[in-house]
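Data block below; observations after.
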């Protein structure tokens with residue numbers, strides 16, 4: 001018999017079970033000091049939205065883009081918030097391409113519990129990198145996802161990829177302005 005080691009799950013298994021009256025995971029991340037962003041897996045804070053790693057990812061680099069506004073209704077967000085969210089989705093895709101060269105992406109929003117939203121009361125967009133052959137029999141037969149890297153390692157790599165994007169934009173912007 002083979003063993004599948006998933007040490008990151010022990011934190012989840014040992015965590016006290018939260019009541020139905022718990023806070024919002026996205027709002028809790030935002031209320032925390034930016035100095036706690038790594039602990040809270042917040043990679044980028046924008047003016048109206050932010051990017052965070054998913055604590056229970058489908059694949060390495062599974063990101064979520066969420067607005068600061070607490071709402072479960074996409075249509076209640078203003079245009080500037082929606083625009084920033086889509087710009088952050090684009091930046092997420094660019095950062096993940098630079099980081100791990102995925103062959104594709106699943107990008108989506110689950111609105112409401114019946115649509116599969118794990119957090120139905122705070123809209124968020126999933127950005128999931130995909131590679132040919134990244135699915136296998138484990139989720140089908142054993143209901144287990146195999147994630148080959150621990151979240152702190154992924155966080156550091158994703159943060160570095162976003163910082164490189166930001167730096168390259170500043171550099172390319174300076175070059176354009178000189179011409």
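Observations on the structure shown:
- Conditions (1) farther than 24 Å from residue 6 by Cβ; (2) crowded, with 16+ Cβ neighbours inside 10 Å; (3) under 19 Å from the mean Cα position of the chain (by Cα); (4) at pLDDT 95 or above; number of the one not met by residue 77: (3)
- The set of residues in the range 103-136 being touching a helix residue (DSSP H, G or I) at 6+ places or on another chain (Cβ under 7 Å) and either outside any loop (DSSP other than H, G, I, E, B) or farther than 19 Å from residue 56 by Cβ (or both) consists of 105, 107, 111, 125, 127, 129.
- Within the range 25-76, being farther than 22 Å from residue 154 by Cβ and part of a helix (DSSP H, G or I) holds for 27, 31, 74, 75, 76.
- Test for residue 38: is it in contact with a strand residue (DSSP E or B) (Cβ under 9 Å, 6 or more places away or on another chain) and farther than 22 Å from residue 168 by Cβ: no
- Odd one out for residue 89 among (1) touching a strand residue (DSSP E or B) at 6+ places or on another chain (Cβ under 6 Å); (2) within 14 Å of residue 53 (Cα to Cα); (3) in contact (Cβ under 8 Å) with a residue 40 or more places away in the chain: (3)
For every residue, the table says whether it meets (1) exposed (fewer than 15 other Cβ atoms within 10 Å of the Cβ); (2) modelled with pLDDT of 85 or more.
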residue	(1), (2)
7	yes, no
18	yes, no
21	yes, no
28	yes, yes
35	yes, yes
49	no, yes
59	no, yes
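The values are calculated or read from the model by the stated rules, or taken from the named source; none is laboratory data. What you see is a predicted model, and the numbers here were worked out from it, not measured in a lab. Positions of Cβ are backbone-derived with ideal geometry, glycine not excepted, and every protein chain shown enters the neighbour counts.
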